[in-house]
Amino acid sequence: MAIKVPHRLGLGPWRRNHRNELVPNHSHLTSLFLSSFPCKKTLIGCSSKFNQTSCFSVMEQEEKSRVSPESLLDAEEHSPRDEKELELAVRAVQMACSLCQRVQDSIISKTSNEIQSKDDNSPVTVADWSVQATVSWVLSEAFGSRNVSIVAEEDVQSLSKASAAGLLEAVVTTVNKSLADCPRFGLKGPNMPLGSSEVLEAISRCNSNGGPRGRFWALDPVDGTLGFVRGDQYAIALALIEDGEVVLGVLGCPNYPMRKEWLAYHHRYHRIVSKLTPTTSESWDKGCVLYARKGSGKAWMQPLVPVNKKLVWPNSARPVRVSPIDNPSMATFCEPVEKANSSHSFTAGLAHSVGLRKQPLRVYSMVKYAAIARGDAEIFMKFARAGYKEKIWDHAAGVLIIQEAGGTVTDAGGQPLDFSKGTYLEGLDRGIIASAGATLHDKIIKAVDASWDSSSL
Ligand SMILES: Nc1ncnc2c1ncn2[C@@H]1O[C@H](COP(=O)(O)OS(=O)(=O)O)[C@@H](OP(=O)(O)O)[C@H]1O
Ligand SMILES: [Mg+2]
Ligand SMILES: [Mg+2]
Ligand SMILES: [Mg+2]
């Protein structure tokens, strides 16, 4: 994917406003968020012959003896390869959460120059590239780079320029710091720190176009980068897609605590938490990783691995389930924070006509999908402007997790999202609707039909 970086690297157009929030310097250019992304061009082969290697060598024995009975029941129904893929994906996402927490802390605590702009004026940070490199490296080590095909958001071009040397150095340092932590996540790290060419290679290896056949991973290294740079919610999303169907989904939500009440503090999460005691992430149980396997009828949530502790699989995972609420007047709906990403006025009209009475919960990133899967909200709606094409990595993991947790996700015409057409969700009818149950879902879809023609979308 060719991404031009129009601003001098290291001098990205981000500044702090009077409330000390990070905002694009060219606020009049916010409408440029509306422009679409170019798509990936290169396709690499994908084989279903996976080669299990050394990634599990550390801690494997001690952890196998500690798997919960519930999780074992789930595991018995699946092949060792499926088990390894899920376990590895969760470990990689746990590592990515830890990486992102470190970078977010450094962005929040100082005036950072680690935020760049893409040509649509959307942000990209050291964390986006570093997570992509780390997850790519971990998957390749486990299964062999020739067997791993990855579709992911970030491109290597802007990092490879001579003018980006400082940025690349920051990414290499961040990746190596993360990989040095591999044993904590039950993974074997590299024998030596990676050099910049290896880091660039790991990022650029994520050059699959997806498509209708074979197996490939879809990775959004940081979803909701805007929330991330603002110290708010964001997610790391990793899905495995086989013959166009999502078969595994893992969603890391580093700022979404195990307990639901903190999600409501969607503004300035960091600052609110830091004003209160106790302040360690451990005591707040801050952050969670959700995951599901297609057809299991279960979705799981585990806490993040606290600093200085090791991941013990399955790390106190517990099942999550969608909310039983089917009365619109008691239901909460989620939507993107940015008006540019989804029409708030259209969803307000829908909410009114369906009888949704509560204020919308505006949350950055796929944390919205996590909220539905956990039963913390009942509906998610996204209606992007006409012409915007949704990308598969923005939805794949979340869709599967909601479905396996008992919910429904379709486009506004009631059709399932199609992950078989490449990088984009081609053929998407108007918008995306996720609901805790069929009753709510049907009501929303009928309401969209009733109000669409009079909308300006
Ligand atoms: N114009 C427009 N319309 C719709 N969607 C867009 C648009 N521009 C970007 N994106 C994609 O939205 C991803 C973030 O979506 P969210 O639902 O989290 O939006 S929001 O940040 O809460 O406003 C975001 O993902 P990340 O880039 O990973 O942050 C983008 O892929
Ligand atoms: Mg995204
Ligand atoms: Mg992203
Ligand atoms: Mg992005």
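If we scan the range 445-456, do we find a residue that is buried (at least 21 other Cβ atoms within 10 Å of the Cβ) and in contact with a strand residue (DSSP E or B) (Cβ under 6 Å, 6 or more places away or on another chain)? No, the range 445-456 has no match at all.
Looking across the range 221-239, just one residue is within 12 Å of ligand 2 (Cβ to nearest atom) and on the phi > 0 side of the Ramachandran plot, and that is Gly224.
Matching residues to (1) basic (Lys, Arg); (2) within 16 Å of ligand 2 (Cβ to nearest atom); (3) farther than 21 Å from Val93 by Cβ; (4) assigned by the TED database to the domain that holds Pro303:
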position: Val337; (1), (2), (3), (4): no, yes, yes, no
position: Ala340; (1), (2), (3), (4): no, yes, yes, no
position: His352; (1), (2), (3), (4): no, no, yes, no
position: Tyr364; (1), (2), (3), (4): no, yes, no, no
position: Ala386; (1), (2), (3), (4): no, no, yes, no
position: Thr410; (1), (2), (3), (4): no, no, yes, no
position: Pro416; (1), (2), (3), (4): no, no, yes, no
position: Gly427; (1), (2), (3), (4): no, no, yes, no
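Counting only helices (runs of 4 or more DSSP H) that sit wholly inside the range 153-244, those with at least 2 residues that are more than 16 Å from ligand 1 (Cβ to nearest atom) and free of Cβ contacts under 8 Å to residues at least 12 places away in the same chain are 165-179, 196-204.
Among the residues of the range 97-106, which ones are of a type outside the set (Ser, Thr, Tyr) and either more than 19 Å from Leu167 (Cβ to Cβ) or not assigned by the TED database to the domain that holds Phe185 (or both)? Residues satisfying the conditions are Cys97, Gln101.
To keep it simple, each residue is scored yes or no on (1) more than 16 Å from ligand 4 (Cβ to nearest atom); (2) not aliphatic (A, V, I, L, M).
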| position | (1), (2) |
| --- | --- |
| Leu194 | yes, no |
| Cys206 | no, yes |
| Leu219 | no, no |
| Asp223 | no, yes |
| Leu238 | no, no |
| Val250 | yes, no |
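Going by the conditions given, is Glu114 over 29 Å from Lys309 (Cα atoms), within 16 Å of ligand 1 (Cβ to nearest atom) and in contact (Cβ under 8 Å) with a residue 40 or more places away in the chain? When the stated conditions are applied, Glu114 does not pass them. Within the range 192-217, the only residue that satisfies the criterion of being more than 22 Å from the chain's Cα centre (by Cα) and surrounded by 19 or more Cβ atoms within 10 Å (Cβ to Cβ) is Leu194. Summed over the range 73-87, the residues that are at pLDDT 75 or above, part of a helix (DSSP H, G or I) and not charged (D, E, K, R) give a count of 2. Of the residues examined, Leu428 is one that is more than 16 Å from the chain's Cα centre (by Cα), under 21 Å from Val151 (Cα atoms) and not in a helix (DSSP H, G or I). From the set of residues in the range 117-152 that are of a type in the set (Ser, Thr, Tyr) and more than 14 Å from ligand 1 (Cβ to nearest atom), which is farthest from Leu88 (Cα to Cα)? Once the filter is applied, the top-ranked residue is Ser130. When each of Asn255, Asn209 is tested for being farther than 17 Å from Val135 by Cα and within 16 Å of ligand 2 (Cβ to nearest atom), the lone residue that passes is Asn255. Phe383 meets all of the listed conditions (1) within 16 Å of ligand 4 (Cβ to nearest atom); (2) buried (at least 22 other Cβ atoms within 10 Å of the Cβ); (3) of a type in the set (Phe, Trp, Tyr) but one, namely (1). Yes or no: Thr423 buried (at least 21 other Cβ atoms within 10 Å of the Cβ), touching a residue at least 24 places away in the same chain (Cβ under 8 Å) and under 22 Å from Arg213 (Cα atoms)? In short, yes.
Residues of the range 142-156 that are within 12 Å of ligand 3 (Cβ to nearest atom) and charged (D, E, K, R): Glu153, Glu154, Asp155.
Filtering Pro324, Pro319, Pro336, Pro328 for residues that are out of contact with any Cys (no Cβ under 6 Å at 6 or more places or on another chain), within 16 Å of ligand 4 (Cβ to nearest atom) and modelled with pLDDT of 95 or more leaves a single hit, Pro336. Residues in the range 219-264 that are in contact with a Gly (Cβ under 7 Å, 6 or more places away or on another chain), within 12 Å of ligand 3 (Cβ to nearest atom) and among the aromatic types (Phe, Trp, Tyr): Tyr234 only. Only one of the numbered conditions (1) surrounded by 20 or more Cβ atoms within 10 Å (Cβ to Cβ); (2) assigned to a helix (DSSP H, G or I) is violated by Ser345, and that is (1). Surrounded by fewer than 21 Cβ atoms within 10 Å (Cβ to Cβ), within 16 Å of ligand 2 (Cβ to nearest atom) and of a type outside the set (A, V, I, L, M, F, W, C): does that describe Asp105? So Asp105 fails the test.
The values are calculated or read from the model by the stated rules, or taken from the named source; none is laboratory data. Please read all numbers here as calculations on a predicted model, not as lab measurements. Glycine also receives a Cβ, built like all others from the backbone with ideal geometry; neighbour counts cover every protein chain displayed.
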